[in-house]
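Written below as structure tokens is the structure these notes are about.
The values are calculated or read from the model by the stated rules, or taken from the named source; none is laboratory data. Remember, predicted model here, so these are calculated numbers, not experimental data. Cβ placement follows ideal geometry from the backbone for every residue including glycine, while neighbour counts extend to all protein chains displayed.
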Ligand SMILES: CCCCCCCC(=O)CC(=O)SCCNC(=O)CCNC(=O)[C@H](O)C(C)(C)COP(=O)(O)OP(=O)(O)OC[C@H]1O[C@@H](n2cnc3c(N)ncnc32)[C@H](O)[C@@H]1OP(=O)(O)O
Ligand SMILES: NC(=O)C1=CN([C@@H]2O[C@H](COP(=O)(O)OP(=O)(O)OC[C@H]3O[C@@H](n4cnc5c(N)ncnc54)[C@H](O)[C@@H]3O)[C@@H](O)[C@H]2O)C=CC1
């Protein structure tokens, strides 16, 4: 709601809808009523709009997204009503003014903000555009380049930047409300025409058309198939070409296109999914509502390789003092150098820089080879080589050295948490914290509980995720956990497609056109082909431990492709060696070009194994890669490894570059329709009966049989029917 109060000459309208004063229909109605009351009262000379509890407003009530048309339609007229008021209206912005909240503020004649406030038009991140005339008012206020940047990225900007851009008239460090009332009193009687943004011309940019063309190319490049940024752009372009009223009409048309695109629904699902996974639960009954985290005052990271470096950087950025440990001085020096390089770079991006991070202070970041220095830490993250014997040795040592309450975390990407925990005297405090590379950049933290992991340990790992500004997702223990387990059949299909006649660039292109940031072959080259090779050797799938006489393309009765092993045997580890599935300009190079050697090698390989080549179209590439990944997701859900499809989707969006505008793999499956996913898997598994990843999971079959229920109902079928699966 909104509370109306009249002080002296200034009426106060306070938006009130906890927790973030979202603009529900009731709030908008109350705002409109307040404005009309103020207008009708001759003793009121000015109006001040603010929000309850130190927050202006986070915008339209996204819990009311089921009726977006009505909500979107209601907001614009209220903003116009504010602007057309004959009495000056001042917005007092504290906390956040986002989306519709900022559009309300743009309708006001003056804006004053607290120095700690943040502003933005994040609609684009929900698949929409600022549909309450924001795309027309903002460019008039702060100019086209800055408005385009804010509207097409949805970024939140601090009040200090808003002041520089002219988005607010003043910022204050003390009482924003009092300052806004003072300002309102001061401007009583001053002409309002110049303060009405709809009447202002859009400031000119030299060579506007060329600027816009360049901006559009950039927006398209970054959007990778997501519609909203481009339509946001078009709405702003309309502001540069047409009078205000025509621009508003165009904004409305474009808003409708987005509403019906399906992408808005996917992005809104992703927004809620990210919040839903915070409320974690395990089949054993532990949950976020009853478990309390332990404080982490000091931490340690063991192993400063690819992952450890990023993890250290992430902890330093979160202001957690830590010890960084390596196996010997040579690796320590290498690791220290790499960490310092990352931290210097991060510091340059921050206000206050190195001083704020304080990473040269040994009390905050200490490098060592001495395990004794881990005696008093509250949490250790192990990131040594992916080798069970080594991890067990380290955990055994840790359980003897670390204080009894310390949490012992492993960054393993696939190994059994219970086996690692068995080497300790405190299996309840052992947990998987699976970071993604680069660990200081990627948002995902997969948190894996073992059989004995305590609720406190899970809650502490989740709290750590929040402190590191990451999304923690709690999952159960199985080989590869959720993310990598779903990735295995996807990558396997990609390689099988090469055997059958496709090319790395064709497979990558199909998946990148779908919206992935990077296709499976480019991704393997980036991560290093030797990593998987080592793991396959450890599993006895290749290398000296492979029994003599094993067929080249079969393992344990299933289809197997030795192609990645053969590449490694040729010294092709990917970017690090300058060649892998692609050719690079040099070792460590980044520019992938198709390699004639590889194409020739593939063709010889097919001849050797008598494989008939055929043309494989984009549809088959997508279906085989994506549906096998999704199929594994259904198996994971049926086994109780994750509490719901949202978990899988949040993992894929934040850890694997799945296009957010498609809502994650399980949401995508729900939009394709489960009967169709099932039919396609059945077709492909008939053609490839020796590929288990293509055989439809029992849970998928069940859901298709019960009539393709909506995603939010899937898990209820599992609990009722799991015995029959
Ligand atoms: C189909 C379209 C229908 C609309 C049609 C017109 C659309 C428009 O043209 C204009 C719009 O305003 S669209 C909405 C634009 N606003 C946003 O995207 C802000 C989203 N919220 C945030 O960024 C953070 O929550 C924020 C920065 C505010 C706070 O972050 P925190 O990390 O501190 O806290 P959270 O855990 O994220 O949030 C706390 C609780 O508040 C709920 N919430 C957040 N924003 C909301 C919003 N705009 N409406 C309703 N509830 C909202 C959030 O879900 C969470 O609740 P619980 O999960 O129950 O705790
Ligand atoms: N590289 C990646 O993309 C990802 C790797 N992981 C996992 O993270 C872990 C580390 O992987 P990377 O960083 O890629 O490996 P890496 O080979 O780059 O680094 C491992 C580091 O551990 C150090 N180390 C080995 N034994 C040690 C000991 N006894 N004491 C202290 N330090 C020791 C090594 O000197 C090396 O610097 C593995 O379990 C891996 O599976 C998880 C997610 C992604």
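When region 150-178 is filtered for residues that are surrounded by fewer than 17 Cβ atoms within 10 Å (Cβ to Cβ) and free of Cβ contacts under 8 Å to residues at least 40 places away in the same chain, the ones remaining, listed by number, are 155, 161, 164, 166, 174, 175, 178.
For every residue, the table says whether it meets (1) touching a strand residue (DSSP E or B) at 6+ places or on another chain (Cβ under 9 Å); (2) within 16 Å of ligand 1 (Cβ to nearest atom); (3) modelled with pLDDT under 95.
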position: 4; (1), (2), (3): yes, no, yes
position: 9; (1), (2), (3): yes, no, yes
position: 17; (1), (2), (3): yes, yes, no
position: 21; (1), (2), (3): yes, yes, no
position: 24; (1), (2), (3): yes, yes, yes
position: 47; (1), (2), (3): yes, no, no
position: 51; (1), (2), (3): yes, yes, no
position: 56; (1), (2), (3): yes, yes, no
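Among the residues of region 1-27, which ones are exposed (fewer than 14 other Cβ atoms within 10 Å of the Cβ), touching a residue at least 40 places away in the same chain (Cβ under 8 Å) and assigned to a strand (DSSP E or B)? 3, the sole residue that qualifies.
Yes/no matrix, rows are residues, columns are (1) under 19 Å from residue 485 (Cβ atoms); (2) outside the structural domain of residue 639 (by TED's automatic domain parsing); (3) part of a helix (DSSP H, G or I):
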site	(1), (2), (3)
651	yes, no, yes
658	yes, no, no
669	yes, no, yes
680	no, no, yes
683	no, no, yes
693	yes, no, yes
696	yes, no, no
701	no, no, yes
713	no, no, yes
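All of 347, 318, 324 fail the test of being surrounded by 14 or more Cβ atoms within 10 Å (Cβ to Cβ), away from ligand 2 (no atom under 16 Å from the Cβ) and either within 15 Å of residue 384 (Cα to Cα) or at pLDDT below 95 (or both), apart from 347. Could you check, for region 423-442, whether at least one of its residues is within 16 Å of ligand 1 (Cβ to nearest atom) and touching a strand residue (DSSP E or B) at 6+ places or on another chain (Cβ under 7 Å)? Among the residues of region 423-442, not one is within 16 Å of ligand 1 (Cβ to nearest atom) and touching a strand residue (DSSP E or B) at 6+ places or on another chain (Cβ under 7 Å), which makes the answer no. Please work out which residue is surrounded by the most Cβ atoms within 10 Å (Cβ to Cβ), limiting yourself to region 223-278 and to residues that are part of a loop (DSSP other than H, G, I, E, B) and touching a residue at least 40 places away in the same chain (Cβ under 8 Å). Here the answer is 277.
Would you confirm whether or not region 360-382 contains a residue that is within 16 Å of ligand 1 (Cβ to nearest atom) and either surrounded by fewer than 17 Cβ atoms within 10 Å (Cβ to Cβ) or in contact (Cβ under 8 Å) with a residue 24 or more places away in the chain (or both)? No; the residues of region 360-382 include none that is within 16 Å of ligand 1 (Cβ to nearest atom) and either surrounded by fewer than 17 Cβ atoms within 10 Å (Cβ to Cβ) or in contact (Cβ under 8 Å) with a residue 24 or more places away in the chain (or both).
Taken over region 288-312, residues that are within 16 Å of ligand 1 (Cβ to nearest atom) and assigned by TED's automatic domain parsing to the domain that holds residue 435 amount to 0.
Just one of the listed residues (224, 279) is under 30 Å from residue 711 (Cβ atoms) and modelled with pLDDT of 95 or more, and it is 279.
One line per residue, one yes/no per condition, for (1) free of Cβ contacts under 8 Å to residues at least 60 places away in the same chain; (2) surrounded by 20 or more Cβ atoms within 10 Å (Cβ to Cβ); (3) within 21 Å of residue 280 (Cα to Cα):
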{"position": "615", "(1), (2), (3)": "no, no, no"}
{"position": "626", "(1), (2), (3)": "no, yes, no"}
{"position": "634", "(1), (2), (3)": "no, yes, yes"}
{"position": "657", "(1), (2), (3)": "no, no, no"}
{"position": "718", "(1), (2), (3)": "no, no, yes"}
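Would you check if residue 290 is loosely packed, with under 13 Cβ neighbours inside 10 Å and either assigned to a loop (DSSP other than H, G, I, E, B) or within 27 Å of the chain's Cα centre (by Cα) (or both)? Answer is yes for this residue. On the stretch given as region 400-414, residues that are touching a residue at least 40 places away in the same chain (Cβ under 8 Å) and either under 18 Å from residue 451 (Cα atoms) or within 13 Å of ligand 2 (Cβ to nearest atom) (or both) total 5. All of 453, 460 fail the test of being free of Cβ contacts under 8 Å to residues at least 60 places away in the same chain and either more than 16 Å from ligand 1 (Cβ to nearest atom) or farther than 12 Å from residue 293 by Cα (or both), apart from 453.
Considering (1) at pLDDT below 95; (2) assigned to a helix (DSSP H, G or I), the lone condition that residue 633 does not fulfil carries the number (1).
Considering only residues in region 424-446 that are in contact (Cβ under 8 Å) with a residue 60 or more places away in the chain and in a strand (DSSP E or B), the one that is surrounded by the fewest Cβ atoms within 10 Å (Cβ to Cβ) turns out to be 444.
When region 28-44 is filtered for residues that are in contact with a helix residue (DSSP H, G or I) (Cβ under 8 Å, 6 or more places away or on another chain) and in a loop (DSSP other than H, G, I, E, B), only 44 remains. For region 179-200, check the following and say yes or no: at least one residue is over 24 Å from residue 84 (Cα atoms), assigned to a helix (DSSP H, G or I), touching a residue at least 24 places away in the same chain (Cβ under 8 Å) and in the same structural domain as residue 47 (by TED's automatic domain parsing). No, region 179-200 contains no residue that is over 24 Å from residue 84 (Cα atoms), assigned to a helix (DSSP H, G or I), touching a residue at least 24 places away in the same chain (Cβ under 8 Å) and in the same structural domain as residue 47 (by TED's automatic domain parsing). Taken together, 303, 310 contain a single residue that is surrounded by 15 or more Cβ atoms within 10 Å (Cβ to Cβ), at pLDDT 95 or above, under 16 Å from residue 470 (Cα atoms) and within 16 Å of ligand 2 (Cβ to nearest atom), which is 310. Scanning region 383-393 for residues that are within 16 Å of residue 450 (Cβ to Cβ) and either surrounded by 24 or more Cβ atoms within 10 Å (Cβ to Cβ) or within 11 Å of ligand 2 (Cβ to nearest atom) (or both) yields a total of 2.
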